[in-house]
Amino acid sequence: MNNANVAIAGLTFADDRDSISVGSGVNLTVTDSLFRNNGQDGVDINGNDSTVTVRNSSFINNSDDGIDFNGNGNKLNISGLSILNNGNNGIEIDASDSTLTVSDSSFTGNTGDGICPFNDLFESAFSLFTIAAKEKPFPTAADFAKAVQQVAPTVKRATKSENPKTQLCNSVTASQQSHPRYGESGVIEADAPNHWQQIVTFSDSERVLINNTDLDAPSVPFPRERTYPAEYTEAMSTTGYAYAAIEERHKQELERLSQELRIGLQTETTARAEEQVQEQVESLQKLFKQQKEQNIQLQQRLDEMESLRQLETENQQLRQRIQDLERAVEERPSLRDATRTQQWGNTMSKRVKH
């Protein structure tokens, strides 16, 4: 596409050649999308003066690069990306006079590099950061300065009148504690390559390029001025921005993980408390049911005992009545004789009938 304003959101680009090919004069914004299993690149930027912004998207298993960044005067801004398992590089850079901004993104499992610069300026800046961050995840300005010594090509030496030599065969000592050769002594056996460094030969015959500020030799008038070519000043500035962006991304990631951990712990605690309350409710319900059943059984037994008590009372009343009748018979003989006569008459009547 050329000379277009395009916004893409929530799409999946799969099994194509280049999912999106960006030409010149394009303003493209991509959010919440997936680029996977394409024959070459996920996004190929090959024109000039285009601005591409990609947020919260994934580039997975593309045969070449996740994003191929070429052309002149382009701007590529990416954030929240997952670029993984691509056949070549996560992002391949061969652009000139262009700007790349990366934040809150991850590069994992790519066959080549996560970010691979081919352009000289991008490559110099990226090499500076790679070397500086090799031993420290958050390198300091001194670490970047040390990295510049390894990345910068040999600067053309000035004429003898412009570049004064140091006094040769003078003994010097590495006095800066941060220097790997701290406390060791050596001699200067070669001309200084510039105004701020010396070539020092140590006892193990290793020749080391050391900053004047890291050396202690009162007899040698070391100049302290330190300058860099303009292109490396720009490279260091670009690297500083990259370092600041990565440091900020790490801080944000730590804050996010801490917040997720707090939320996870609160959720787990709440879930456990709810589970315990539910267990207690179920236990109380079960106990209530058991108590209810026992109350019913007790009530039944009480009813049975009340019936027995009433029967016992009635029996006592009957016994009392019988005793009263017997006593009355004993106290009245005529009644007793009448009773016996009646009994004899009843007996004789029964015999006559038979």
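Computed from the coordinates by the stated procedures, all read-outs in this text should not be read as laboratory data. It should be emphasised that the depicted structure is a prediction, and the values quoted were computed from it without experimental measurement. Note that each Cβ is placed from the backbone with ideal geometry, even for glycine, and that neighbours are counted across all protein chains shown.
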> Whole-Hz Karplus ³J(HN,Hα) for region 279-286, in order, using 6.51 cos²θ - 1.76 cosθ + 1.60 and θ = phi - 60°, x for Gly and Pro?
Replying inline: 4, 5, 4, 4, 5, 5, 5, 5
> Between R207 and A245, what is the label-to-label distance in nm when each label sits 7 Å out along the Cα-to-Cβ direction?
Replying inline: 3.9
> For S178 and I322 in the same chain, what is the full-extension length gain: residue separation times 0.36 nm, less their Cα-Cα distance, in nm?
Replying inline: 39.5 nm
>> At a 10 Å Cβ-Cβ cut-off, how would you order S33, S185, S50, fewest neighbours first?
In response: S185, S33, S50
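Let me check I've understood the local charge: for R249, count other residues with C-beta under 15 angstrom from its C-beta, Lys and Arg +1, Asp and Glu -1. What total comes out?
On the way: positive: R55, K251, R256; negative: D104, E247, E248, E253, E255.
Summing Lys/Arg as +1 and Asp/Glu as -1 gives -2.
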>> 5 Å is the cut-off here: which amide hydrogens, built 1.01 Å from N in the peptide plane, fall below it relative to G71, excluding neighbours closer than 5 in sequence?
In response: S96
> What is the order of F35, F107, fewest Cβ neighbours within 10 Å to most?
Replying inline: F107, F35
